[in-house]
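Peer 1: First the structure, then my questions, so here it is.
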Amino acid sequence: MTRKHVLEGVKVLDFSHFVAGPHCTRLMAEAGAEVIKVEAQMGEAARHLPVLKEERSGYFIQHNRGKKSLSLDLRTKEAQDICHELIKTVDVVIENFTPGVMKKFNLDWEAVSKINPDVIMCSISCLGQEGPLSKLPGFDYIGQAYSGVLGMTGEADGYPALSGMAFGDISTGAHAYGAIVTALYHKAMGGGGQFLDIALLDCLFSYHEMNVQVYDASGGAQVPQRSGHQHAFISPLGLFKCKQDYLIIVALGAQWNNLLKLLGKEEWLEDPRFATPLTRNDHRDAITVEIERWLSTVSDVTEAVRILVEENHVPAAPILSVPEVMQHPHMQQRGIVQTVTDRAFGEVKIPGAPLRYSQYPERLELQASFLGEHNEEILREQLGYSAEKIAELNAAGVLSQKDI
């Protein structure tokens, strides 16, 4: 029998909301897993974020395609019992509430592991499941603040800068996906179920590919600081202005030699001030002057990048806006921009799935569910509930359903 994708047969019970958890389960759904998304009766907050069309959220569509919706009042024992029954049937449970919330619903790891010892439970949080900060509510930028990431953005003597993106949430969702898949492999090898504590803080702190060891190895002599549009330790590596636009240039090793030839500064090859990337950084102002002098002679940023990259093999790229990325032929050919059609919203462009599998080159046709759309299907087909019992749950307000 032909499999539809790599995770076909994997069942996931998803209590997550907003971005980090939903991105993880989006990756799982796009890889063929069956994902049941448990939502509150009003629906998760993402259903009400812009852009809205016909009361339908483009934001929700992007992060929740391919998931079944089960809308429950988790404050009720009946809803908790339903979740307990479903936990017996699934491989993975995932949630991203503030630590302690799942315990209030009798759905924490202690309860879940007793119900299904073979289940993998992944809790995504901002600051982790333990430690002095763990109980604090958090969002992406809270994690960026505590991890030191925000401390490295912005001009040296000015405010730190917001990125305008939830890269902490998205990347933590991807880290969680990796942890879940490896835990599934461990389980398949006879290792059983386990609990995964995945935090934005941990993932974001790992982005310091240089700062942590530089500070420690230098005995505190080198303290990473905001450096604005130039790299803190290496030159030339930074942003430069060309007419009305910007580009980034990275010239290391032989690429530095190529850049000097382009700039007409070959004598710097013998100058001890520019012997290494570190010593060059001490004199980066002189390098910046020469780069910007040359850029002033070029017609525009497109021509500058062409000369740098194609003629001189110096890594460089234009700083593109979101519309420019979406319209770029390379991005379109790779499917980085994906057009999806929602039953209520219509067509909308979203970032395409970044994971590619040679045996499954075509993306699955997926829809984002309406709130509570699969209540009856899940309860009837997976738990064997009768129509009368489902009707009773609806009448008692345990279930809800709405076309949003």
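The values are calculated or read from the model by the stated rules, or taken from the named source; none is laboratory data. Just so it is clear, the structure is predicted and the values come from calculations on it, not from any experiment. Cβ placement follows ideal geometry from the backbone for every residue including glycine, while neighbour counts extend to all protein chains displayed. Surface areas here come from the heavy atoms of the whole protein model, side chains and all, with no ligands, DNA or RNA. Shrake-Rupley method; radii C 1.70, N 1.55, O 1.52, S 1.80 Å.
Peer 1: Being in a helix (DSSP H, G or I) and either among the polar types (S, T, N, Q) or surrounded by fewer than 17 Cβ atoms within 10 Å (Cβ to Cβ) (or both) is the filter here, so list the residues in region 377-404 that pass it.
Peer 2: Our first condition is that a residue be in a helix (DSSP H, G or I); within region 377-404, this holds for 377-382, 387-395.
Selection gives Glu377, Arg380, Glu381, Gln382, Ala387, Glu388, Lys389, Ala391, Glu392, Asn394, Ala395.
So that you can scan it fast, the table gives a plain yes or no per residue for (1) closer than 17 Å to Gly168 by Cα; (2) surrounded by fewer than 18 Cβ atoms within 10 Å (Cβ to Cβ):
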{"residue": "Asn96", "(1), (2)": "yes, no"}
{"residue": "Pro99", "(1), (2)": "no, no"}
{"residue": "Lys103", "(1), (2)": "no, yes"}
{"residue": "Met121", "(1), (2)": "no, no"}
{"residue": "Gly131", "(1), (2)": "no, yes"}
{"residue": "Gln144", "(1), (2)": "yes, no"}
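Peer 1: Taking the condition of a type in the set (A, V, I, L, M) and surrounded by fewer than 16 Cβ atoms within 10 Å (Cβ to Cβ), does Leu107 pass? Lay out the reasoning, then the answer.
Peer 2: Details: of a type in the set (A, V, I, L, M): yes; surrounded by fewer than 16 Cβ atoms within 10 Å (Cβ to Cβ): no.
Against the criterion (of a type in the set (A, V, I, L, M) and surrounded by fewer than 16 Cβ atoms within 10 Å (Cβ to Cβ)), Leu107 does not qualify.
Peer 1: Still on this structure: Filter region 259-304 down to residues that are in contact (Cβ under 8 Å) with a residue 12 or more places away in the chain, assigned to a helix (DSSP H, G or I) and acidic (Asp, Glu), then give me how many there are.
Peer 2: Here the count works out to 2.
Peer 1: To continue, here is another question. How many residues are of a type in the set (Val, Ile, Thr) and either at positive phi or open to solvent by 20 Å² or more (accessible area, probe 1.4 Å) (or both) when one looks only at region 176-194?
Peer 2: Selection size over region 176-194: 2.
Peer 1: I would also like to ask the following. Run down Pro329, Pro361, Pro315 and say which single residue is more than 25 Å from Ala166 (Cβ to Cβ) and touching a strand residue (DSSP E or B) at 6+ places or on another chain (Cβ under 7 Å).
Peer 2: Values: Pro329 fails: touching a strand residue (DSSP E or B) at 6+ places or on another chain (Cβ under 7 Å); Pro361 fails: touching a strand residue (DSSP E or B) at 6+ places or on another chain (Cβ under 7 Å).
Going through Pro329, Pro361, Pro315 in turn, the sole match is Pro315.
Peer 1: Would you check which residues across region 22-61 are out of contact with any strand residue (DSSP E or B) (no Cβ under 6 Å at 6 or more places or on another chain), of a type in the set (Lys, Arg) and crowded, with 18+ Cβ neighbours inside 10 Å and list them?
Peer 2: Those that are out of contact with any strand residue (DSSP E or B) (no Cβ under 6 Å at 6 or more places or on another chain), of a type in the set (Lys, Arg) and crowded, with 18+ Cβ neighbours inside 10 Å: Arg26, Arg56.
Peer 1: Being small (Gly, Ala, Ser) and either part of a loop (DSSP other than H, G, I, E, B) or open to solvent by 30 Å² or more (accessible area, probe 1.4 Å) (or both) is the filter here; which residues of region 149-170 pass it? Quick ask: steps written out before the conclusion?
Peer 2: Looking only at region 149-170, we keep the residues that are small (Gly, Ala, Ser), and these are 151, 154, 156, 158, 161, 163-164, 166, 168.
Listed by number, the residues that qualify are Gly151, Gly154, Ala156, Gly158, Ala161, Ser163, Gly164, Ala166.
Peer 1: A follow-up question, please. List the residue pairs whose Cβ atoms are under 9 Å apart, where the first residue sits in region 57-84 and is at positive phi, the second is hydrophobic (A, V, I, L, M, F, W, C) and surrounded by fewer than 23 Cβ atoms within 10 Å (Cβ to Cβ), and the two are 6 or more positions apart or on different chains.
Peer 2: Gly66/Leu364; Gly66/Leu366
Peer 1: Of all residues in region 195-254, how many are open to solvent by 80 Å² or more (accessible area, probe 1.4 Å), assigned to a strand (DSSP E or B) and not charged (D, E, K, R)?
Peer 2: Adding up the residues that qualify gives 1.
Peer 1: Scan region 91-148 for residues that are among the basic types (Lys, Arg) and part of a loop (DSSP other than H, G, I, E, B) and jot them down.
Peer 2: Scanning region 91-148 gives a single hit, Lys135.
Peer 1: Of the residues Leu399, Leu355, Leu364, Leu393, which single one is among the aliphatic types (A, V, I, L, M), more than 27 Å from Leu72 (Cα to Cα) and in contact with a Leu (Cβ under 7 Å, 6 or more places away or on another chain)?
Peer 2: Checking each option against the conditions leaves just Leu355.
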